[in-house]
């Protein structure tokens with residue numbers, strides 16, 4: 001109630017700048033083109049050493065590479081390269097095919113409990129098979145579909161951009177946890193909670209794999225999740241190696257399970273990978289991780305007077321209660337090398353960053369309920385999506401259902417309902433200013 005009164009008072013007493021009534025800057029369907037936009041995103045984080053830049057470049061080659069049957073692709077899979085799902089408008093961006101390329105998650109609900117449906121081919125539908133790929137013709141299996149079983153629940157997800165992932169990985173847990181729960185600077189209805197996961201690097205050490213970051217936290221200690229639509233994944237390393245297995249079907253020392261079509265027994269003629277696990281020595285896993293850890297965050301556009309006014313409205317309407325403007329990374333961030341050692345990355349250490357996210361999960365209301373439970377986040381709970389680089393996106397929300405920022409805001413419910421109502425009360429000039437600010441991030 002206090003925020004509503006404050007917002008109304010501020011907007012009424014501060015005259016809207018003379019920007020006119022045209023709000024075309026805020027409502028847009030596709031990202032801007034031209035003017036060298038590809039040169040400002042998809043680049044490595046500034047300040048890398050020559051050795052670290054070489055790791056980024058090698059990782060990008062692996063990220064864009066089409067893996068083959070001889071590499072261990074499949075036998076069922078969703079894509080042949082990481083860039084196939086993270087490639088618009090540049091490598092590392094969002095899903096280039098829009099909602100047509102959405103990932104279909106499914107799980108089983110039985111007697112109040114959710115199960116990953118691994119025996120039925122879960123947790124995602126891998127709709128392609130290697131029988132249509134060179135060297136895979138002898139593997140006569142069909143792509144997966146959602147199984148027609150009682151209690152199956154599905155959720156579509158579009159692939160987000162991975163810009164700035166290493167910077168998010170470098171944020172200490174304490175920085176995220178300080179925003180959790182009710183706070184005096186947030187609307188009373190905005191809470192936010194951390195999702196959690198076990199640190200994969202620690203689990204790897206327990207299993208005697210060579211990947212070792214000795215300067216990270218002790219084995220088996222939970223870490224705050226920060227990646228994925230429900231913040232279900234704790235580290236950028238896991239967010240790299242797990243999809244490498246699930247989406248491409250390539251088994252690794254970290255995720256050695258082969259994808260069996262619908263969970264059925266795999267015919268012997270379909271075991272065509274070079275070795276088990278396929279990613280020998282984890283070379284490709286670590287290269288892909290290097291790319292996602294070292295890719296930079298998109299820079300913001302210079303703020304016009306109207307955008308600065310929109311930034312003020314962003315704060316007054318409570319958008320920043322969840323879309324927290326800034327965070328600081330840890331004093332020291334260490335990157336794993338392919339030989340299992342680690343090196344400090346100055347470019348990711350002790351930096352103020354501006355992701356416009358608290359990395360917490362929030363109740364977004366019944367309209368966004370998807371029935372998918374991931375860690376502590378149930379169907380109505382979603383991670384606050386980072387807004388940096390939003391001007392390069394052309395679809396929004398977890399399943400890409402929104403095609404403009406305006407439409408995405410309208411879909412916010414639950415803990416965000418108060419801010420949505422304030423947004424709807426804006427006059428055209430104020431709305432245009434707010435959206436110009438957001439579209440400059």
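What follows is calculated from the coordinates using simple rules that are stated; it is not laboratory data. Quick caveat, the model's predicted, so the values are computed rather than measured. We place every Cβ from the backbone using ideal geometry, glycine too, and count neighbours over all the protein chains shown.
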**Prompt:** Binning every alpha carbon pair distance of the stretch 291-413 at 5 Å from zero, what are the percents per bin?
**Reply:** 2, 9, 14, 19, 18, 15, 12, 8, 3, 1, 0
**Message:** Report the Rg/Rh value for the stretch 129-176, based on alpha-carbon coordinates and the Kirkwood definition of Rh.
**Reply:** 1.24
**Complete:** Share (percent) of C-alpha pair distances in the stretch 122-204 greater than 23 Å works out to 60
**Asked** Counting other C-beta atoms within 10 Å, which of 352, 415, 133 has the fewest, and how do the rest follow?
**Response** 352, 133, 415
**Request:** For the stretch 219-346, just list the percent of Cα-Cα distances falling in each 10 Å bin from zero outward, please.
**Result:** 10, 28, 27, 19, 11, 4, 0
